[in-house]
Amino acid sequence: PIREANVMSLVCPIGPERNLLDPQPESCHRVFLDTPVLCPRRFNALLELEGKGMPHVIIDMTYTLTEGCSARRLADRAISKKSLLRERLDQICKEAEAAILGDSVAFIVLTHRRAGEDRVPICSLLAAGALHQHLINAKLRARVALVVEAADAHEVHHFCCLLGFGVDAIFPYLCYLSLLRVRNCTLSMQTRVENFRHASEFSILKVMSKMGISCLQSYKGAQLFQAVGLGKEVLTKCFTGCKSVLNGVGFDAFAQDALEFHKIAYPPRGPLPPLVDEEVEELQDIGEYHFRSIHESEIHMNTPDVLYKLQEAARTNSAEGYKLFAHWQNKITEQTEIRGQLEFCLDECDPVPLEEVEPAAEIVKRFCTGAASLGSISNEAHQAMAIAMNRVGGRSNTGEGGEDPDRFSPMKEGQMKMGAAEWEIFEGDTSRSRIKQVASGRFGVTAEYLANADEIQIKLAQGAKPGEGGELPGYKVIGKIAETRKATPGVGLISPPPHHDMYSIEDVAQLIRDLKNANPAARISVKLVARVGIGVIASGVTKGKADHLTISGMSGGTGAAKWTSIKHCGLPWEIGVAETHQTLVLNGLRDRVTVQTDGQVRTGRDVVMAALLGAEEIAMTTAPLIALGCIMMRKCHLNTCPVGVATQDPELRKKFTGQPEHLINYLFMVAEDVREIMASLGCRRFTELIGRTDLLRPSAHLKEHWKTADLDFTDLLRPAWTLQSMAAETEGSMFCCVPQDHELAHVLDRQLVLRAAPALEDKSQVMVKDLAIKNIDRSVGGILSFEVTRRFGAAG
């Protein structure tokens, strides 16, 4: 966090706290840590404070599978319905409380050191969370510091969760032991440890900056997290007060998971052959960060066979190829997304003939591409999406990088060389993106840019990395990109986090007003991120006169984001869309705003799911880019994309082979897929789908797996029309049908435009003296500026 570095700090005091209302010299008897991620030297120094009046106790975070196997213990466990893991958590809390009351310890160290072939480790977050909440309830938390000597904390998100749920310091000893095994590394062990710690500290600051928090002391124990699929029993004991959706797994599932991982680490087997060296035996790479084709690897949305089949279908306009792609993609969705756990109630519907269903040419008008800026992707890819979306009547999005004014004018008929492809341009084609995005950095935002928009999108948040601004490395800020963004070539561009730009709904309402004045003909959109509680935010923004809301999901998004953001930020759009739709209906606001969603929407099934949960429009970015040639190399941030999609390297851009027709083919095949599902559900118009959660139910296969058996979709699938509206006396609409009243009919600018008519028509000089500007006149000059720009462009 470059801008925030001067006002952020990881320095934090730990240890017993005294009475704040009665400060004494003993109140200063605490330990100040410069970082919460301890190196071996710092950790040992903490333990050596025993002789200086700060004793510690070490509590084991493991348990044996043979603990309490007597008939009496087994009977007690059966009656209490507690697993060995749950029993050990209770024991940890009792041991810690006894150490505080009996021995007056200053530090409690939770450790995994005893983990081994006969001892199963407990998740450090569960143990630390349970102990933190127990000590708070016992009114003992301020008397002790909580230190975790963890084997399972190795990512930034792990550190942040531990800190956020009450841990004071972390000693990731297994990470340091792993650094000993790094091959072909000439750095000393101390340098490796310090590099790891510094990278971790920088990333923790980055996470804190997303939340607008400057000091670790404010972040620690703040529980700024939301849970998906976590059981109430676990939340109550370990994460009290944490917001959650879908209910889900309990302690039994965590115990089962612990055993599964333990078996991987210590597989049951006989003696190894004499030549096998156990010291060099390695665990299997399960593909957490990159796709692996091995059996039992982590499932990825983008697999090579799926990418190939999508591109084949798009390039050959093959309906059969698309159906095979959609089948494979939907199977992956079943294992990776919330919508994959739902199914259509086809047995309760009366199908209609396909011929009676709304045509595909109308459905594709509800599609748009997401906000991929020129710079993050190549000019060829950016223009291909714009031309394709304009041809079908959809919308493309500029992203936050501005737009070349040359693209505002219609194109001439003929051939156009783009990369390795020859495009056929028709009379009236345009590469103008109809959606113009405005972010906190305001890169490329000019009066001309806004005047050439059909929709202006306020980037209040970013789906793939909520809390962060856009970022473009300096080596991508070259030539036309730097010129369009009004930036210095070679200098990296980072938008401030959105919360530095918008502090309240009132700020958003004023920006909506300003942009509506800057282009009265454009609809004003606000981009939000799916989260628990988004409904209230969406209602406030709608009352602030937004015409359109985009609910962005956690998946998809920028390829230049940090791994922590890609893997651990945001919530699925299904949760955000459902809550937004329900809350808007509840407040009588649904009829005045259009709801859109985005986040790895690929097939007709995904589109229909989004509509049934409450979305009228669908944004897609990853799939269109794949249709245009992207092969998901995940090198977007390095400027080395080998197919010319996400690079500014002139030589690599020559390898771009995409055609606008490829994307058009794909969109129409998705629309035909939507039509077939609509026919089977008995819906003739797309608007008949919106908000119809009664046509969805949890899939039958959920009860077959111990991880999904307890998921509860009741709140997600609650029909909005069954909610008691707080505003409307009669049943409200389920989709937008009433335009927002922006109250521009009688603003001062209307008089200014009339007075300035001679100047606008023939550039005659006009002077206005007798119009008073009062404090109720907002955005004065905005509409006049629009009229000037509309007629004369930037030169006006």
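The values are calculated or read from the model by the stated rules, or taken from the named source; none is laboratory data. Being a predicted model, the structure only gives us computed values, none of them experimental. Cβ placement follows ideal geometry from the backbone for every residue including glycine, while neighbour counts extend to all protein chains displayed. Accessible surface areas use protein heavy atoms only, side chains included; no ligands, DNA or RNA. Shrake-Rupley method; radii C 1.70, N 1.55, O 1.52, S 1.80 Å.
A few points about this structure:
- The sole residue among Ile377, Ile363, Ile338 that is over 26 Å from the mean Cα position of the chain (by Cα) and buried (at least 21 other Cβ atoms within 10 Å of the Cβ) is Ile363.
- Here is the figure for region 122-146: residues that are assigned to a strand (DSSP E or B) and in contact with a helix residue (DSSP H, G or I) (Cβ under 7 Å, 6 or more places away or on another chain) total 1.
- Residue, farthest from Val31 (Cα to Cα), within region 147-161, restricted to residues that are part of a helix (DSSP H, G or I) and open to solvent by 30 Å² or more (accessible area, probe 1.4 Å): His157
- Filtered residues of region 502-530 (kept if open to solvent by 50 Å² or more (accessible area, probe 1.4 Å), in a loop (DSSP other than H, G, I, E, B) and at pLDDT below 90): Tyr503
- Ala326 being open to solvent by less than 60 Å² (accessible area, probe 1.4 Å), among the aliphatic types (A, V, I, L, M) and farther than 14 Å from Met609 by Cβ: no
- Only residues that are open to solvent by 90 Å² or more (accessible area, probe 1.4 Å) and over 18 Å from His662 (Cα atoms) were counted across region 293-323, and they come to 3.
- A single entry from Ala509, Ala522 fulfils the requirement of being small (Gly, Ala, Ser) and either more than 29 Å from Ile783 (Cα to Cα) or in contact (Cβ under 8 Å) with a residue 40 or more places away in the chain (or both): Ala522.
- With respect to (1) under 24 Å from Phe325 (Cα atoms); (2) among the basic types (Lys, Arg); (3) surrounded by fewer than 24 Cβ atoms within 10 Å (Cβ to Cβ), the lone exception for Arg602 is condition (3).
- Single residue of region 452-488 satisfying the filter (buried (at least 24 other Cβ atoms within 10 Å of the Cβ) and at pLDDT 90 or above) that is nearest to Val207 (Cα to Cα): Ile458
- Residue pairs meeting the criteria (Cβ under 6 Å; at least 6 apart or on separate chains; first on the phi > 0 side of the Ramachandran plot, in region 218-230; second among the acidic types (Asp, Glu) and part of a loop (DSSP other than H, G, I, E, B)): none
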